[in-house]
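Note sheet for the following structure.
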Amino acid sequence: MTPPLILGIESTCDETAAAVVVGGRRVLSSVVASQAEVHAKFRGVVPEVASRAHVEAIGPVLREALDVAGVALAEVDAVAVAARPGLIGSLLVGVTAAKTLAWALGKPLVAVDHVQAHLYSVALDADAEPARPGPGPGDTPRPGSAPGVDVAFPAVGLVCSGGHTALYHLGSWSDVTLIGSTIDDAVGEAYDKVAAILGLGYPGGPILDGLAATGDPAAVKLPRTLLGRESLDFSFSGLKTAVLYHVRGIPTRRDPRGSKPPPTAADVADIAASFQAACVDVLARKLRRAVGHVGARSVVVGGGVSANRGLRAALAAFPVPCHFPPMRYCTDNAAMIAGLAAVDLAAGRVAGLDLDAVTSSGIPRQVGG
Ligand code: KG4
Ligand code: ZN
């Protein structure tokens, strides 16, 4: 059987993306139209603004994904879409486009969980994606590529992004259960908020990651919230508040916003490095716990924060192999959606045209977990 050619669509949050992937691995195109600029002035995603931007972008993004891949719509074997979790207005744009295409082409529709797809992104082979004449809308040129990996199961998955920070047990790509998650902020959200406290841009993760390399990670003493001794859950809001108080001073009745003068550039670099060290420390320690609980043979990391240089460096000498996605598939993209869809398609898991967009993840929590 020839490997299926799958058109994937992603619109769960603030990126409109489409991709063509062969056999779940070979990425022929991956086009991402980011709305980061639109949301930057609000320092976060505004749902109504996001859904309107998706409506404007979805047509051109789909067309470009097919053009770059050199594929005609009629050649597509299945249409895949991230149908959950996400913002309802954003999800509806992608789900409606995917249903329309699947119906018009008479091809199967595959519904993918966005979080599960972040984990799968380590298996994507970025080498196949053709070099572009120039960057697409909101896209960046390919910084370098790595072949997708064959993951040894059982594995522990860590999804760390702006909306999620969670640990998973993976028996296979389709046998995934939740074993721990954040009880408050996601780690990417903490990066974005700390960047806002420091008066830096949005999204804050890449900016702080860059600054962290220039600062002293031991300069500011920041808390590591580990919760219970066995807990696989996360909490990042205390860390964020500790940074706030360090920067502004402890609020008093007289000075509810704190009274410290603004930090210097050198202070900002030290705070970035110390904050990053605390985040990475917590993520690595929880991963160690999870690997022990599960008896995992490997670790897969996905989501925007998997691009973090500090995290990659810290996990380089881990007891089991840790797999990270190619850089361009760390943040939201549709290649991971089309990739994971091949697993579902092979198993006959296809969706009906009555598919609904759902705001919550469909991954079950481990019983007793
Ligand atoms: O996966 P993603 O594109 O969207 C969500 O599903 O949330 O992740 C975006 C998040 C943002 O919070 C951004 O600040 C963070 O990923 N991020 C990073 C880095 N690159 C992106 N955080 C830390 N270090 C980075 N290098
Ligand atoms: Zn995501």
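The values are calculated or read from the model by the stated rules, or taken from the named source; none is laboratory data. It should be emphasised that the depicted structure is a prediction, and the values quoted were computed from it without experimental measurement. Cβ atoms come from the backbone with ideal geometry, glycine included; neighbour counts cover every protein chain shown.
Among the residues of region 119-151 satisfying the criterion of being at pLDDT 95 or above and within 16 Å of ligand 2 (Cβ to nearest atom), which is farthest from the chain's Cα centre (by Cα)?
Taking the candidates together, the pick is L124.
Conditions (1) in a loop (DSSP other than H, G, I, E, B); (2) away from ligand 2 (no atom under 16 Å from the Cβ); (3) without any contact (Cβ under 8 Å) to a residue 40 or more places away in the chain; (4) in contact with a Cys (Cβ under 7 Å, 6 or more places away or on another chain), marked per residue:
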site	(1), (2), (3), (4)
T2	yes, yes, yes, no
I6	no, yes, no, no
C13	yes, no, no, no
T16	no, no, no, no
V20	no, yes, no, no
A33	no, no, no, no
V45	yes, no, no, yes
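Need the failing condition index for V305 against (1) assigned to a helix (DSSP H, G or I); (2) more than 16 Å from ligand 2 (Cβ to nearest atom); (3) in contact (Cβ under 8 Å) with a residue 12 or more places away in the chain, just the number.
All conditions pass for V305, except number (2).
Can you name every residue in region 180-190 that is under 15 Å from V305 (Cα atoms), away from ligand 2 (no atom under 14 Å from the Cβ) and buried (at least 24 other Cβ atoms within 10 Å of the Cβ)?
Correct list: A190 only.
Among the residues that make up region 68-76, is at least one of them of a type in the set (D, E, K, R) and either over 20 Å from A102 (Cβ atoms) or touching a Cys at 6+ places or on another chain (Cβ under 6 Å) (or both)? Quick ask: steps written out before the conclusion?
First pass over region 68-76, keeping only residues of a type in the set (D, E, K, R): 75.
With the extra rule that they be either over 20 Å from A102 (Cβ atoms) or touching a Cys at 6+ places or on another chain (Cβ under 6 Å) (or both), the set shrinks to none.
Within region 68-76 (the criterion being of a type in the set (D, E, K, R) and either over 20 Å from A102 (Cβ atoms) or touching a Cys at 6+ places or on another chain (Cβ under 6 Å) (or both)), the answer is no, since none of the residues qualifies.
So, in region 1-40, of the ones that are away from ligand 1 (no atom under 16 Å from the Cβ) and either at pLDDT below 85 or hydroxyl-bearing (S, T, Y) (or both), which residue ends up surrounded by the most Cβ atoms within 10 Å (Cβ to Cβ)? Explain how you work it out, then say what you get.
Just the residues of region 1-40 that are away from ligand 1 (no atom under 16 Å from the Cβ), to begin with: 1-7, 20-29.
Checking the rest, the ones that are also either at pLDDT below 85 or hydroxyl-bearing (S, T, Y) (or both) come to 1-2, 29.
On the way: M1: 5, T2: 7, S29: 25.
Within region 1-40, the match that is surrounded by the most Cβ atoms within 10 Å (Cβ to Cβ) is S29.
Taking region 257-302 only, how many residues are in contact with a His (Cβ under 9 Å, 6 or more places away or on another chain) and in a helix (DSSP H, G or I)?
5
Go through G238, G215, G188, G201 for me and flag whichever is under 27 Å from A40 (Cα atoms) and at pLDDT below 95. Please lay out each step first, then the result.
Details: G238 fails: at pLDDT below 95; G215 fails: at pLDDT below 95; G188 fails: at pLDDT below 95.
Step by step, each of G238, G215, G188, G201 is checked, and only G201 is under 27 Å from A40 (Cα atoms) and at pLDDT below 95.
Of everything in region 162-192, what is under 14 Å from the mean Cα position of the chain (by Cα) and either in a strand (DSSP E or B) or more than 15 Å from ligand 1 (Cβ to nearest atom) (or both)? Give them in sequence order.
Correct list: T165, A166, L167.
Please go through region 74-109 and give me each residue that is of a type in the set (S, T, N, Q) and either within 17 Å of A19 (Cβ to Cβ) or under 19 Å from the mean Cα position of the chain (by Cα) (or both), ordered by number.
Let us first name the residues in region 74-109 that are of a type in the set (S, T, N, Q), namely 90, 96, 100.
Residue satisfying the conditions is S90 alone.
Looking at A272 and the list (1) more than 16 Å from ligand 2 (Cβ to nearest atom); (2) modelled with pLDDT under 95; (3) closer than 20 Å to G201 by Cβ, which single condition is not satisfied?
(2)
If I ask for residues that are more than 14 Å from A307 (Cα to Cα), at pLDDT 95 or above and within 16 Å of ligand 2 (Cβ to nearest atom), which ones from region 152-163 would you list? Working first, answer last.
Here is the first cut: in region 152-163, the ones more than 14 Å from A307 (Cα to Cα) are 152-157, 163.
With the extra rule that they be at pLDDT 95 or above, the set shrinks to 152-157.
Residue satisfying the conditions is G157 alone.
Of the residues A341, A335, A314, only one is surrounded by fewer than 22 Cβ atoms within 10 Å (Cβ to Cβ) and of a type in the set (A, V, I, L, M, F, W, C); which? Let's see the steps before the verdict.
Values: A341 fails: surrounded by fewer than 22 Cβ atoms within 10 Å (Cβ to Cβ); A335 fails: surrounded by fewer than 22 Cβ atoms within 10 Å (Cβ to Cβ).
Of A341, A335, A314, the one residue that is surrounded by fewer than 22 Cβ atoms within 10 Å (Cβ to Cβ) and of a type in the set (A, V, I, L, M, F, W, C) is A314.
Within region 106-127, which residues are assigned to a helix (DSSP H, G or I) and either within 16 Å of ligand 1 (Cβ to nearest atom) or among the charged types (D, E, K, R) (or both)? Lay out the reasoning, then the answer.
From region 106-127, those assigned to a helix (DSSP H, G or I) are 114-123, 126-127; that's our starting set.
Correct list: H114, V115, Q116, A117, H118, L119, Y120, S121, V122, D127.
Need pairs with beta-carbon distance below 7 Å; first residue more than 16 Å from ligand 2 (Cβ to nearest atom) and within region 95-118, second of a type in the set (D, E) and in a helix (DSSP H, G or I); sequence gap 6+ or separate chains.
Qualifying pairs under 7 Å: V110/D344.
Being among the polar types (S, T, N, Q) and more than 16 Å from ligand 1 (Cβ to nearest atom) is the requirement here; does S361 meet it? Can you show your working first?
Numbers: among the polar types (S, T, N, Q): yes; more than 16 Å from ligand 1 (Cβ to nearest atom): no.
No.
Could you please find all residues in region 178-195 being farther than 15 Å from A242 by Cβ and not charged (D, E, K, R)? Let's see the steps before the verdict.
Residues of region 178-195 that are farther than 15 Å from A242 by Cβ, as a first pass: 178-183, 186, 188-189, 192, 195.
L178, I179, G180, S181, T182, I183, A186, G188, A195, listed by residue number.
List every residue pair whose Cβ atoms sit under 8 Å apart, with the two residues 6 or more apart in sequence or on different chains, where the first one lies in region 181-193 and is over 18 Å from R285 (Cβ atoms) and in contact (Cβ under 8 Å) with a residue 12 or more places away in the chain and the second, anywhere, is near ligand 1 (Cβ under 9 Å from one of its atoms) and part of a strand (DSSP E or B).
So the pair list comes out as G188/C160.
Return yes when D356 is closer than 25 Å to A83 by Cβ, surrounded by fewer than 21 Cβ atoms within 10 Å (Cβ to Cβ) and either away from ligand 1 (no atom under 16 Å from the Cβ) or not polar (S, T, N, Q) (or both) and no when it is not.
Yes; evaluated as a whole, the condition is true for this residue.
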